[in-house]
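**Student:** The structure is given below, and queries will be raised subsequently.
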Amino acid sequence: MAGDQQRPRYHFLPPANWMNDPNGLIQWEDTFHLFYQYNPTGAYHRQIHWGHATSHDLIHWQHQPLALSPTPGGADADGCWSGCAVDDHGTPTLIYTGFRLPEVQQPCLAVSHDSLQTWQKWPEPIIAAPPPELDLLGFRDHTVWQEQGVWHMLIGSGIRGQGGTVLLYRSPDLRHWEYAGPLLIGDAGQFDPVWTGLLWECPDFFALGDQQVLVCSAWDQRPYYTIAMIGAYRDGRFVPHTTHKLDYGDAHFYAPQTMPIRDGRRIMFAWSMEGRSEESIAAAGWAGVMTLPREVKIAGDGQIVTLPVNEVQQLRQHEIVVPATRVMPHDVHWLPVHGAQLEVELILRPPRHGTCTVMLRASPDGSEVTVLRYNSQTATLTLDRRRSSLAGDVWRDAHHAPLALHNDEPLALRIFLDASLIEVFANECRSITSRIYPTRPDSMGIAICADEAAVDLLAGRVWEMAGIW
Ligand code: DQQ
């Protein structure tokens, strides 16, 4: 696949075939482990296994043998779906969803006695069935933690006619669980500030500073986006005061999972799904890529933000400094850079009234271009991929992130381009992750455009990024 122009080079993905959610993230001794939803037989979602990779720096990964495979006749006969890893008093333990057609989902467990290389499954599901009194949509995906010596687990679900939910369980030993009610039930009839879906997939629940955070992936027949809820956790219930999209690239940032690491940071990976037809995916032979490893933080405006870990900087090669300049109305200012694997840092002063635009992966004639636009009046950052690709089968829409700049604060952008993947970070408080599929070999340019009013480029630096393999 070396010649595949759409395949990212400095983000994690398996050598081939289908990948979706990150699973079982854990730092074990001096090694980071990343497991992931994987179909070893093709670039489509079926008969899901757990792939496995290890790293010492969160950036460079070694592929490892498959960790979990469906057991014929077992609770996971048709798939080992998403879950997490915990340290059970020295024994690495996975809690995951066993899937059987047509739609049976049961929590399962596996342990390793050889440094997370091979896994022995517990013979039975650890919970036989969901609470019978609830009319549920789905019973899958797990986050597990300890509180005063008691294991706690959340399972993602939805209550028909109400909304997404996460069900709380408690256990003394990870194998016997008692249902403790829903931690929270969403309201699928609410659209403000954000609609939260019918089913919550891949819950993650953790303290961040003095706040408690619940992250869920909002689903209704298909993945929508990831939501972050911030609030108070007491007596087995969670009361959010703030709910927002965690990343504004919608379904291209989905099913994230975090792990706390020893230096105090909480690290997140998310799955960035493809945005093109099944035929193109089959022809490519691979699907799905992980985002950069990101640190989870509380931004200045109170939202949860995920920012690239500092370790990413080791990939920077060959820095190009972009001189400051004023771009006059209707001018297009091309930067002296080209490339498909770049990190781009730009500090701009947008006009007080109106918009300014950064053209990315742009062809010289503008027939292919991904447009990043800031509108001061609406306080919105838009990643517009309507012209990102000349291919006929790609998703073309725009992602919008609310972003207010106060008191002459400039627009500070950090943009990571890696073939078909783009990650945009703005003012250390918003991210937009998406997929673009430029087809032209000359769609490699970057330009700043002023629209009705001049734009000041205050500073800029661009790096070519090294591959991680
Ligand atoms: N992916 C898994 C499920 C999860 C979904 C199946 C989210 O466990 O709900 O591959 O992408």
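The values are calculated or read from the model by the stated rules, or taken from the named source; none is laboratory data. Source: prediction; values computed, not measured. Cβ sites come from the backbone with ideal geometry, for glycine too, and all protein chains shown count toward neighbours. All accessible areas refer to the heavy atoms of the entire protein, side chains included, with ligands and DNA or RNA removed. Shrake-Rupley method; radii C 1.70, N 1.55, O 1.52, S 1.80 Å.
**Student:** Quick check on my filter: what residues within segment 144-154 are in a strand (DSSP E or B) and away from the ligand (no atom under 14 Å from the Cβ)?
**Tutor:** The answer is VAL144, TRP145, GLN146, GLU147, VAL150, TRP151, HIS152, MET153.
**Student:** I need every pair where a residue in segment 240-255 that is on the phi < 0 side of the Ramachandran plot has its Cβ under 8 Å from the Cβ of a residue that is open to solvent by 10 Å² or more (accessible area, probe 1.4 Å) and of a type in the set (Lys, Arg), sequence separation at least 6 or different chains.
**Tutor:** From residues that are on the phi < 0 side of the Ramachandran plot, the pairs are TYR248/ARG430; ALA251/ARG222.
**Student:** Pick out, from segment 40-95, the strands (runs of 3 or more DSSP E) lying fully within it that include 3 or more residues that are out of contact with any Asp or Glu (no Cβ under 9 Å at 6 or more places or on another chain), open to solvent by 20 Å² or more (accessible area, probe 1.4 Å) and at pLDDT 95 or above.
**Tutor:** Strands (runs of 3 or more DSSP E) meeting the threshold: 62-68.
**Student:** Quick check on GLY181: is it touching an Asp or Glu at 6+ places or on another chain (Cβ under 6 Å), at pLDDT 95 or above, open to solvent by less than 20 Å² (accessible area, probe 1.4 Å) and in a strand (DSSP E or B)?
**Tutor:** So GLY181 does not fit the description; no.
**Student:** So, one more: Determine, yes or no, whether ASP141 is part of a strand (DSSP E or B) and modelled with pLDDT of 95 or more.
**Tutor:** When the stated conditions are applied, ASP141 passes them.
**Student:** Name every residue in segment 221-232 that is touching a residue at least 24 places away in the same chain (Cβ under 8 Å) and either within 12 Å of the ligand (Cβ to nearest atom) or open to solvent by 10 Å² or more (accessible area, probe 1.4 Å) (or both), in order of residue number.
**Tutor:** Matches in segment 221-232: ARG222, PRO223, TYR224, TYR225, THR226.
**Student:** Before we move on, is ALA110 away from the ligand (no atom under 12 Å from the Cβ) and open to solvent by less than 10 Å² (accessible area, probe 1.4 Å)?
**Tutor:** yes
**Student:** Next question, about the same structure. Away from the ligand (no atom under 16 Å from the Cβ), closer than 25 Å to THR439 by Cβ and either of a type outside the set (Asp, Glu) or open to solvent by less than 60 Å² (accessible area, probe 1.4 Å) (or both): does that describe ALA282?
**Tutor:** Yes.
**Student:** For segment 189-216: of the residues being touching a Phe, Trp or Tyr at 6+ places or on another chain (Cβ under 7 Å) and without any contact (Cβ under 8 Å) to a residue 40 or more places away in the chain, which is least open to solvent (accessible area, probe 1.4 Å)?
**Tutor:** Ranking the candidates gives GLY197 first.
**Student:** Okay, next question. Could you list, in sequence order, all residues of segment 246-264 that are in a strand (DSSP E or B) and within 16 Å of the ligand (Cβ to nearest atom)?
**Tutor:** TYR254, ALA255, PRO256, GLN257, THR258
**Student:** Sort out which residues of segment 17-36 are within 13 Å of the ligand (Cβ to nearest atom) and without any contact (Cβ under 8 Å) to a residue 60 or more places away in the chain, and write them in order of number.
**Tutor:** PHE35 - this is the single residue of segment 17-36 that is within 13 Å of the ligand (Cβ to nearest atom) and without any contact (Cβ under 8 Å) to a residue 60 or more places away in the chain.
**Student:** To continue, here is another question. Could you say whether any residue in segment 117-137 is more than 16 Å from the ligand (Cβ to nearest atom), crowded, with 22+ Cβ neighbours inside 10 Å and not hydroxyl-bearing (Ser, Thr, Tyr)?
**Tutor:** yes
**Student:** Still on this structure: Quickly run through segment 266-279 and pick out the residues that are within 16 Å of the ligand (Cβ to nearest atom) and open to solvent by less than 10 Å² (accessible area, probe 1.4 Å).
**Tutor:** MET268, PHE269, ALA270, SER272, GLY275
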